[in-house]
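Undergrad: Would you mind keeping the following structure in view while I ask a few things?
The values are calculated or read from the model by the stated rules, or taken from the named source; none is laboratory data. Computed from a prediction, not measured in an experiment: that's the story for all the values here. Positions of Cβ are backbone-derived with ideal geometry, glycine not excepted, and every protein chain shown enters the neighbour counts.
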Amino acid sequence: MSALNAAAKAALKAHGVSQAEWARRNFSSGRWGGDACGCPDDRCIGYHHDDAGDCGCLPALLADPPAWMSVAGAARGRTA
Ligand SMILES: [Zn+2]
Ligand SMILES: [Zn+2]
């Protein structure tokens with residue numbers, strides 16, 4: 001799996017995260033190895049959900065940012 005679907009692209013764009021950055025943040029190789037829905041699990045579609053546009057993983061990952069996003073946010077100054 002090497003390409004993200006339209007729903008994944010839209011979700012990333014809404015969070016200001018490029019496809020390339022999302023790939024780098026999830027895979028040390030910098031190449032996307034997850035599923036087309038944007039989940040780092042390459043067997044998400046058909047396992048976590050049936051439809052390509054119905055992924056709960058990506059929104060959850062984007063809404064609950066890992067440490068690297070918190071660090072980046074802190075560097076720009078707190079907004080909360
Ligand atoms: Zn998933
Ligand atoms: Zn998914």
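Undergrad: Scan segment 1-34 for residues that are within 19 Å of ASP51 (Cα to Cα) and within 10 Å of the chain's Cα centre (by Cα) and report the count.
TA: Number satisfying all stated conditions: 6.
Undergrad: Does segment 1-50 hold any residues that are basic (Lys, Arg) and touching a Phe, Trp or Tyr at 6+ places or on another chain (Cβ under 7 Å), and which are they?
TA: ARG25
Undergrad: Residues in segment 1-26 that are of a type outside the set (Gly, Ala, Ser) and either surrounded by 17 or more Cβ atoms within 10 Å (Cβ to Cβ) or assigned to a loop (DSSP other than H, G, I, E, B) (or both): how many?
TA: Of the residues in that region, 8 qualify.
Undergrad: Show the residue pairs meeting these rules: Cβ distance below 8 Å; 6+ apart or different chains; first residue within segment 46-61 and within 18 Å of ALA3 (Cβ to Cβ) and modelled with pLDDT of 90 or more; second residue of a type in the set (A, V, I, L, M) and surrounded by 14 or more Cβ atoms within 10 Å (Cβ to Cβ).
TA: CYS55/ALA7; CYS55/ALA8; CYS55/ILE45; LEU58/ALA8; LEU58/ALA11; LEU58/LEU12
Undergrad: For segment 13-33, which residues satisfy the criterion of being touching a helix residue (DSSP H, G or I) at 6+ places or on another chain (Cβ under 6 Å) and within 16 Å of ligand 1 (Cβ to nearest atom)?
TA: Of everything in segment 13-33, those that are touching a helix residue (DSSP H, G or I) at 6+ places or on another chain (Cβ under 6 Å) and within 16 Å of ligand 1 (Cβ to nearest atom) turn out to be TRP22, TRP32.
Undergrad: Within segment 43-62, which residues are within 12 Å of the chain's Cα centre (by Cα) and either over 20 Å from HIS15 (Cα atoms) or within 9 Å of ligand 2 (Cβ to nearest atom) (or both)?
TA: Listed by number, the residues that qualify are CYS55, GLY56, CYS57, LEU58.
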